[in-house]
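Participant: Structure in structure tokens, see below.
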Amino acid sequence: MLMRHPHPQLQFSYQLPYGAVVNERGVQFVVFSRSATAMRLLLYNRVDDREPSEVIEFNRETDRWGDIWSVFVPGIGPGQLYHFQANGPYDPETGQWFDGNARLVDPFAKALAGCFQRSTDGVIRPPKCVVVDDYFDWEGDRHLRRPLSDTIIYEMHVRGFTKSKTARVKHPGTYLGVIEKIPYLKSLGVTAVELMPVHEFPIFDIHGNKPERPNYWGYDPMAFFAPHRGYAHSQEPGAQVLEFKQMVKALHQEGIEVILDVVFNHTCEGNEHGPVLSFKGFENQVYYILNSGGSHYSNYSGCGNTFNGNHPIGRELIFHCLRHWVHNYHVDGFRFDLASILSRDRHGNLMPNPPLVEMIAEDPMLADTKIIAEAWDAAGAYQVGSFGDLRWAEWNGRYRDDVRRYWRGDHGLTGAFATRLAGSSDLYEHAGRAPFCSINFITSHDGFTLNDLVSYKDKHNEVNGEGNRDGDNHNCSDNYGVEGPSRKKSIEQLRLRQIKNMITTLMISQGVPMLVMGDEVRRTQRGNNNAYCQDNEISWFNWGLIKRNEELLNFVKGAIKIRRDQPSLRRTRFLAGNPRDHRGVPDVAWYNVHGQPLNWDHTDGSIVVWLTAPPLHDDPKGTGRDFLMLFNGSADTKTFTIPEHLRGCKLQLAIDTSADSPHDIFPDFEGPSLISRNVDLVYKSLKIFVADKT
């Protein structure tokens, strides 16, 4: 039989049905508007041109198909700059915002160029859209398809990662700058980067000025399909498309996946007082959830408006957008900001089976991707443990709070801590979901850094210019004696120990760990827990911290290595406390400080865990080890008694958070043997022992 092999350079390509579609003869421009009475295409020669070089009027009879306006322009191609204009009813009281003078960003634009300008008639003009050719030589690159259970996520900001002078890169603050620092990510051991928003958002305000509080984080989308131009090194229109793809390919070559933080819950157009930049000017009543007869915007996002994701048109746009990033940019997954909004219907009510949420999970073209929900919104919805189906993972906010409070020493947290350590079965098992549906994190971009979590009792956001009223007041933090930096040795020792405690907890918990950029070297935001507008050294990664906090960095690398090497810490099924293999031993057992079975009603902040290796059908290589874990979250030094049935086991120290480097971690399990039935743990510390493989 003749076997036909495809050419290695040929690969599946996905063509968007809207936007600027390139072919060999020119460009087809396609846009949706149900209520427009006229449509125009504005073409520009240069980025800084205030007026178009050509205006093309759509013929309502021949260039409109249903609610789709489409016109073909011959003789142009990639790099062409454009806007749309749409005439139609202007009646804000009923939600109609058509403005025939407004220059509109194509909702399907693949790239933007330039900044806001004023046209000669005083109309605000947004950045220009760029016609893009999707071709890129991927050299055989494909999605890495790493199982979610084996994933270790590093949340990072593209600009902030390399913008500081201390980064010493050729392309600071850019996609190319990230490429230069891939060796660091590789050495750290993380398997995926979760990039804070990289789709287009305004750099300057609508008057072309730098705002008083710049939008550093990027949670204010203007064009969902376009990579942010501000993170490109080249200023050539559309260069961000090429540079972003280069970054993804380079990360994939080193085994690192790319997850995008996507914001489909609102746009930068704001409420009824905001500008008409794109969606408002095409079909405001469709793209946004409105109330009061259409005169006001429902604000479930806390940002002025709410994108109408469960309207068929909004749903289709999000659907095509996800496919676009997966197939044209090879991204490996998405974290959905304020994802509970995706569960709201066209009137803002939460639905039990939201079609958009189901569609994302069931789409066959997204089947290789990771989908992660921030399962709450700004209007009170909190769906942690109940968002979506088996495909959906969630940022586990319960994990964050319980682990923080346990190590802070709050009373009565031992049971909750154990539940989080074991994968949060209370949240996910009832629905048939796996432990890896829990994305475990102690810090994220939103809140204190890990260093600040142990250095400040209160937020200090004065530099944000909002009177310290912004940011969360519920931080579950402590300063251990001094608010902010301290030179007192005992305080610094305790703070470092607490950081090691929480890093270790994160890496040994069942579920998927997420570490935040710079936490591994004690990056500080000086007590600011809402640095959304701090595009400066407060937010940027200070690469000088690598040398200054080398001990902690080595500890984090070691903890990550232990997790990656040990299937015992990456279960795909929940721990049950009963035998699951031929040895007849339980997969997990819990004891008190005296080595007796734990009475969950009488706990003192101390806990002993015996975790056995997974059975061979879950660990075919037989690399899993048994672990003895001792936790002392109390304020007192305690002597732990090893459970009697373990006294014949050969146990070696793997982690001791109270010890100095290099005796704090032994990632290759070459630590000293346990020779006593009693183990002393200083207050707020942990020790982990690993059983001999035999």
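The values are calculated or read from the model by the stated rules, or taken from the named source; none is laboratory data. Nothing here was measured: the structure is a model prediction, and the numbers come from that model. No Cβ is skipped: glycine too gets one built from the backbone with ideal geometry, and neighbour counts run over all protein chains shown.
Participant: Within the range 657-694, work out how many residues are in a loop (DSSP other than H, G, I, E, B), within 19 Å of V609 (Cβ to Cβ) and in contact with a Leu (Cβ under 8 Å, 6 or more places away or on another chain).
Facilitator: Matching residues across the range 657-694 total 7.
Participant: State the number of residues belonging to the range 76-121 that are aromatic (F, W, Y), farther than 19 Å from Y287 by Cα and at pLDDT 95 or above.
Facilitator: From the range 76-121, those aromatic (F, W, Y) are 82, 84, 90, 97-98, 108, 116; that's our starting set.
Then keep just the ones that are farther than 19 Å from Y287 by Cα; that gives 82, 116.
From what's left, at pLDDT 95 or above: 82.
Residues in the range 76-121 being aromatic (F, W, Y), farther than 19 Å from Y287 by Cα and at pLDDT 95 or above: 1 in total.
Participant: Continuing with this model, one more query. Could you look through the range 93-128, keep only residues that are among the β-branched types (V, I, T) and in contact with a Pro (Cβ under 8 Å, 6 or more places away or on another chain), and pick out the one that is farthest from A38 (Cα to Cα)?
Facilitator: Start the filter on the range 93-128 by keeping residues that are among the β-branched types (V, I, T), which leaves 94, 105, 120, 123-124.
Filter again for in contact with a Pro (Cβ under 8 Å, 6 or more places away or on another chain), leaving 105, 124.
Details: V105: 16, I124: 20 Å.
Among them, the one singled out is I124.
Participant: If I go through the range 178-201 residue by residue, how many of them are among the aromatic types (F, W, Y) and either within 26 Å of C129 (Cα to Cα) or crowded, with 19+ Cβ neighbours inside 10 Å (or both)? Don't jump to the end; show me each part of the working.
Facilitator: Step one: of the range 178-201, the residues among the aromatic types (F, W, Y) are 184, 201.
Now drop any that are not either within 26 Å of C129 (Cα to Cα) or crowded, with 19+ Cβ neighbours inside 10 Å (or both), which leaves 201.
So the count comes out to 1.
Participant: Can you spot a residue in the range 455-463 that is at positive phi, without any contact (Cβ under 8 Å) to a residue 12 or more places away in the chain and surrounded by fewer than 23 Cβ atoms within 10 Å (Cβ to Cβ)? Even if it seems obvious, please write down each step before you answer.
Facilitator: Start the filter on the range 455-463 by keeping residues that are at positive phi, which leaves none.
No, the conditions are met nowhere in the range 455-463.
Participant: Moving on to the next point. Go over the candidates D389, D368, D402 one by one and state the one that is surrounded by 18 or more Cβ atoms within 10 Å (Cβ to Cβ) and of a type in the set (D, E, K, R). Please lay out each step first, then the result.
Facilitator: Values: D389 fails: surrounded by 18 or more Cβ atoms within 10 Å (Cβ to Cβ); D368 fails: surrounded by 18 or more Cβ atoms within 10 Å (Cβ to Cβ).
Matching residue, one of D389, D368, D402: D402.
Participant: Is it fair to say D134 is outside any strand (DSSP E or B), at pLDDT below 95, within 21 Å of F32 (Cβ to Cβ) and out of contact with any Phe, Trp or Tyr (no Cβ under 6 Å at 6 or more places or on another chain)? Steps first, please.
Facilitator: On the way: outside any strand (DSSP E or B): yes; at pLDDT below 95: yes; within 21 Å of F32 (Cβ to Cβ): yes; out of contact with any Phe, Trp or Tyr (no Cβ under 6 Å at 6 or more places or on another chain): yes.
For D134, the condition - outside any strand (DSSP E or B), at pLDDT below 95, within 21 Å of F32 (Cβ to Cβ) and out of contact with any Phe, Trp or Tyr (no Cβ under 6 Å at 6 or more places or on another chain) - is met.
Participant: Right, another one. Residues E180, E155: which one is without any contact (Cβ under 8 Å) to a residue 40 or more places away in the chain and touching a His at 6+ places or on another chain (Cβ under 8 Å)?
Facilitator: E180
Participant: Can you work out which of the residues in the range 286-308 that are out of contact with any strand residue (DSSP E or B) (no Cβ under 7 Å at 6 or more places or on another chain) and part of a helix (DSSP H, G or I) is farthest from A36 (Cα to Cα)?
Facilitator: Checking each candidate, the answer is S292.
Participant: Enumerate the pairs (first residue in the range 389-418 and without any contact (Cβ under 8 Å) to a residue 60 or more places away in the chain; second residue anywhere and basic (K, R) and not in a helix (DSSP H, G or I)) with beta-carbon separation below 9 Å, excluding pairs fewer than 6 apart on the same chain, so at least 6 apart or on different chains.
Facilitator: Cβ pairs passing all conditions: D389/R433; L390/R433; W392/R433.
Participant: Out of (1) surrounded by fewer than 24 Cβ atoms within 10 Å (Cβ to Cβ); (2) outside any loop (DSSP other than H, G, I, E, B); (3) not aliphatic (A, V, I, L, M), the odd one out for F555 is which?
Facilitator: Only one criterion in (1) surrounded by fewer than 24 Cβ atoms within 10 Å (Cβ to Cβ); (2) outside any loop (DSSP other than H, G, I, E, B); (3) not aliphatic (A, V, I, L, M) is unmet by F555, namely (1).
Participant: Does the range 594-604 include one or more residues that are touching a Pro at 6+ places or on another chain (Cβ under 6 Å) and under 25 Å from Q493 (Cβ atoms)? Full working, then the answer.
Facilitator: Narrowing the range 594-604 to residues touching a Pro at 6+ places or on another chain (Cβ under 6 Å): 595.
From what is left, the residues that are under 25 Å from Q493 (Cβ atoms) are none.
Among the residues of the range 594-604, not one is touching a Pro at 6+ places or on another chain (Cβ under 6 Å) and under 25 Å from Q493 (Cβ atoms), which makes the answer no.
Participant: If I filter the range 202-252 down to residues being polar (S, T, N, Q) and within 21 Å of the chain's Cα centre (by Cα), which single residue comes out as surrounded by the fewest Cβ atoms within 10 Å (Cβ to Cβ)?
Facilitator: Filtering the range 202-252 for residues polar (S, T, N, Q) gives 209, 215, 234-235, 240, 246.
With the extra rule that they be within 21 Å of the chain's Cα centre (by Cα), the set shrinks to 215, 240, 246.
Details: N215: 19, Q240: 29, Q246: 15.
So the residue we want is Q246.
Participant: Continuing with the same structure: Find all pairs meeting these conditions: Cβ atoms under 9 angstrom apart; at least six residues apart or on different chains; first residue within the range 102-129 and without any contact (Cβ under 8 Å) to a residue 60 or more places away in the chain; second residue among the small types (G, A, S).
Facilitator: V123/A102
Participant: A further question on this structure: If I ask for residues that are more than 25 Å from the chain's Cα centre (by Cα) and surrounded by fewer than 19 Cβ atoms within 10 Å (Cβ to Cβ), which ones from the range 286-334 would you list?
Facilitator: Scanning the range 286-334 gives N291, S292, G293, G294, S295, H296, P312, I313.
Participant: To continue, here is another question. If you check S340, S424, which single one turns out to be at positive phi, in contact with a strand residue (DSSP E or B) (Cβ under 8 Å, 6 or more places away or on another chain) and modelled with pLDDT of 95 or more?
Facilitator: Numbers: S340 fails: at positive phi.
Selected residue: S424, the only one of S340, S424 that is at positive phi, in contact with a strand residue (DSSP E or B) (Cβ under 8 Å, 6 or more places away or on another chain) and modelled with pLDDT of 95 or more.
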